[in-house]
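Inspection log for the structure reproduced underneath, given as structure tokens.
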Protein chains: 2
Amino acid sequence: MRSNFVKPDMEDLILDATDRLLARYGYRKMTMDDLAAEVGIGKGTIYLHFRSKEDLIYALIDRVIRGVLERLQQILRSISSPAEKIREMIVLRVMYRFDSVQIFPESLSEMFRDLRSGVLQRREDYFKEEAKLFAAALKEGQRVGIFRPVDCSATANTMLAATNSLLPFHLSTHELGKRSDIERMVAQIADLLLYGLLQPGVKSKERRKLRRKRRQSA
Amino acid sequence: MRSNFVKPDMEDLILDATDRLLARYGYRKMTMDDLAAEVGIGKGTIYLHFRSKEDLIYALIDRVIRGVLERLQQILRSISSPAEKIREMIVLRVMYRFDSVQIFPESLSEMFRDLRSGVLQRREDYFKEEAKLFAAALKEGQRVGIFRPVDCSATANTMLAATNSLLPFHLSTHELGKRSDIERMVAQIADLLLYGLLQPGVKSKERRKLRRKRRQSA
DNA sequence: AATTGACTAAAATACTAATTTAGTCAACAG
DNA sequence: CTGTTGACTAAATTAGTATTTTAGTCAATT
């Protein structure tokens with residue numbers, strides 16, 4: 001809902017402040033008075049934008065996921081081959097989240113454990129949105145003949161499940177490990193999944209393309 | 001450490017009782033007096049076998065993982081093809097754990113959150129043990145020419161990471177979903193990973209073998 | 001019309017007393 | 001003599017009460 005104005009709107013200001021305070025204090029210790037002071041507004045103003053403290057957190061997470069989905073859509077629209085797109089999308093979905101929560105010392109799961117059921121439900125919803133985008137990339141790959149025929153929807157879900165353990169949700173980024181190790185691991189998963197999809201005749205060519213992509217990002 | 005006697009030894013009796021009480025009360029509510037009563041022994045006897053309440057939990061988890069590793073080793077020794085072995089191993093590592101913790105209403109992560117760092121450290125150690133077994137199966141597959149040349153150790157770690165999100169640790173079995181859906185999802189991940197490893201000329205034959213295996217387990 | 005902070009019900013914390021529990025080990029039973 | 005046990009105790013947790021804090025509201029203010 002960002003306006004076209006350069007200046008971020010009030011919701012983003014509040015969410016930015018929430019990020020900073022959560023990093024410092026965690027969910028329970030952060031008060032709405034703290035938040036109002038951090039933004040430089042009255043407490044009532046927060047409630048004009050967010051129904052409750054809990055809603056605020058959902059909005060914060062939504063914002064990160066919107067960022068993920070927008071980037072995934074950009075990749076989908078790019079001129080890369082479907083295999084390259086999928087590889088990029090897989091890496092993006094993990095590393096974007098990794099970078100977004102790196103400032104938190106504890107895991108999201110732990111920090112928001114009072115809101116566990118709500119957060120878990122939303123997470124399922126986000127996965128469904130992502131799966132659609134992955135299914136689209138898979139369909140394109142089949143159309144141009146580089147992927148073997150598979151159930152795109154099921155395979156999309158499979159790819160997400162295959163990388164979900166690296167998402168910084170149940171484990172904090174500190175518990176997960178070094179960013180570079182995570183990025184390498186997710187890329188390796190992506191490559192293995194992709195090799196499992198490529199039509200035999202296509203494999204070498206695409207493999208060289210993926211290899212070149214990998215060297216570029218090093 | 002189970003003896004060859006039919007009667008399970010004291011440690012197993014204590015651990016079995018721990019399972020039942022954890023399912024009923026959770027970690028915090030379960031007392032060592034409760035446990036002694038449930039086994040039908042004196043509290044001092046528990047401390048002859050386990051250093052502390054915390055150690056008891058580590059032993060309980062160790063026992064489950066020992067079961068996983070033993071089954072993985074059995075599969076490794078079987079006469080199945082390496083691809084079939086890996087598929088079975090992947091499914092086993094998820095479903096064995098799933099079945100072992102199904103009696104707990106909450107996730108292991110939540111139930112043992114007081115012991116988080118210890119439990120997470122052990123978990124990493126278990127993954128290393130498992131990775132060795134997977135690497136052995138990968139090596140065998142390369143030796144007989146059905147897998148393309150890959151770094152077996154790295155690929156083993158990749159395969160584990162690809163299925164870790166389905167382990168009933170951060171999410172309880174109830175939060176993960178229906179057993180049949182989990183089993184199907186892990187099998188799909190396994191298949192995709194395996195297709196990504198098979199040498200091109202080998203793929204069709206192995207695929208038919210895997211397909212037959214899948215029908216047998218339906 | 002948009003913002004705000006005083007207000008209040010509900011929640012959380014602090015304090016103190018009482019009770020419970022993990023872990024120990026001397027006494028007991030076989 | 002060896003293995004088991006539950007009385008014991010320091011530490012932890014819980015219960016009860018008082019105090020303080022906080023999420024959320026809304027009439028007053030800008």
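Quick look at the values:
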read-out: Condition met for A:Ser100 (modelled with pLDDT under 95 and within 30 Å of A:Asn157 (Cα to Cα)); value: no
read-out: Hits in the stretch B:46-70 - residues which are in contact with a helix residue (DSSP H, G or I) (Cβ under 7 Å, 6 or more places away or on another chain) and more than 23 Å from B:Tyr126 (Cα to Cα); value: B:Ile46
read-out: Elements of type helices (runs of 4 or more DSSP H) contained in the stretch A:114-205, each with 3 or more residues being modelled with pLDDT of 95 or more, more than 18 Å from A:Gly67 (Cβ to Cβ) and not charged (D, E, K, R); value: A:116-143, A:152-163, A:179-195
read-out: A:Ala37 over 30 Å from A:Leu176 (Cα atoms) and either part of a helix (DSSP H, G or I) or assigned by TED's automatic domain parsing to the domain that holds A:Ala161 (or both); value: yes
read-out: Residues that are more than 8 Å from DNA strand C (Cβ to nearest atom) and under 18 Å from B:Arg113 (Cα atoms), drawn from the stretch B:47-57; value: B:Ile57
read-out: Hits in the stretch B:19-62 - residues which are within 12 Å of DNA strand D (Cβ to nearest atom), under 24 Å from the mean Cα position of the chain (by Cα) and among the basic types (Lys, Arg); value: B:Lys53
read-out: Flag for A:Ile79 being in the same structural domain as A:Arg143 (by TED's automatic domain parsing), more than 19 Å from the chain's Cα centre (by Cα) and without any contact (Cβ under 8 Å) to a residue 40 or more places away in the chain; value: yes
read-out: Filter result (modelled with pLDDT of 95 or more and over 15 Å from B:Ile46 (Cα atoms)) within the stretch B:6-20; value: B:Arg20
read-out: Residue match in the stretch B:109-122 (condition: surrounded by fewer than 15 Cβ atoms within 10 Å (Cβ to Cβ), free of Cβ contacts under 8 Å to residues at least 40 places away in the same chain and away from chain A (no Cβ under 11 Å)); value: no
read-out: Test: residue in the stretch A:156-163 that is under 18 Å from the mean Cα position of the chain (by Cα), over 24 Å from B:Ala187 (Cβ atoms) and surrounded by 21 or more Cβ atoms within 10 Å (Cβ to Cβ); value: no
read-out: Among the residues listed as B:Phe104, B:Phe127, B:Phe147, the single one being touching a strand residue (DSSP E or B) at 6+ places or on another chain (Cβ under 7 Å) and touching a residue at least 12 places away in the same chain (Cβ under 8 Å); value: B:Phe147
read-out: Near pairs, Cβ below 6 angstrom, 6+ apart or cross-chain, from the stretch A:170-187 (within 20 Å of B:Leu108 (Cβ to Cβ)) to any residue that is not in a loop (DSSP other than H, G, I, E, B); value: A:His170/A:Ser109; A:Leu176/A:Ile182
read-out: Verdict on B:Thr31 being more than 27 Å from B:Ser117 (Cβ to Cβ), within 12 Å of DNA strand C (Cβ to nearest atom) and either surrounded by 15 or more Cβ atoms within 10 Å (Cβ to Cβ) or of a type outside the set (Gly, Ala, Ser) (or both); value: no
read-out: Long-range neighbours under 8 Å by Cβ, at least six apart or interchain, first residue more than 14 Å from chain A (Cβ to nearest Cβ) within the stretch B:20-48, second near DNA strand C (Cβ under 10 Å from one of its atoms) and aromatic (Phe, Trp, Tyr); value: B:Asp34/B:Tyr25
read-out: Condition check for B:Ala162: within 12 Å of another protein chain (Cβ to nearest Cβ), small (Gly, Ala, Ser), closer than 28 Å to A:Glu106 by Cα and touching a helix residue (DSSP H, G or I) at 6+ places or on another chain (Cβ under 7 Å); value: yes
read-out: For B:Gly44: the one exception among (1) touching a Lys or Arg at 6+ places or on another chain (Cβ under 6 Å); (2) within 12 Å of DNA strand C (Cβ to nearest atom); (3) of a type outside the set (Phe, Trp, Tyr); value: (1)
read-out: Residues (part of a helix (DSSP H, G or I) and in contact with a helix residue (DSSP H, G or I) (Cβ under 7 Å, 6 or more places away or on another chain)) located in the stretch B:102-113; value: B:Leu108, B:Met111
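The values are calculated or read from the model by the stated rules, or taken from the named source; none is laboratory data. This one's a predicted model, so the numbers in the text were calculated from it and none came from an experiment. Please note: Cβ atoms are built from the backbone with ideal geometry, for glycine as well, and neighbour counts cover all protein chains shown.
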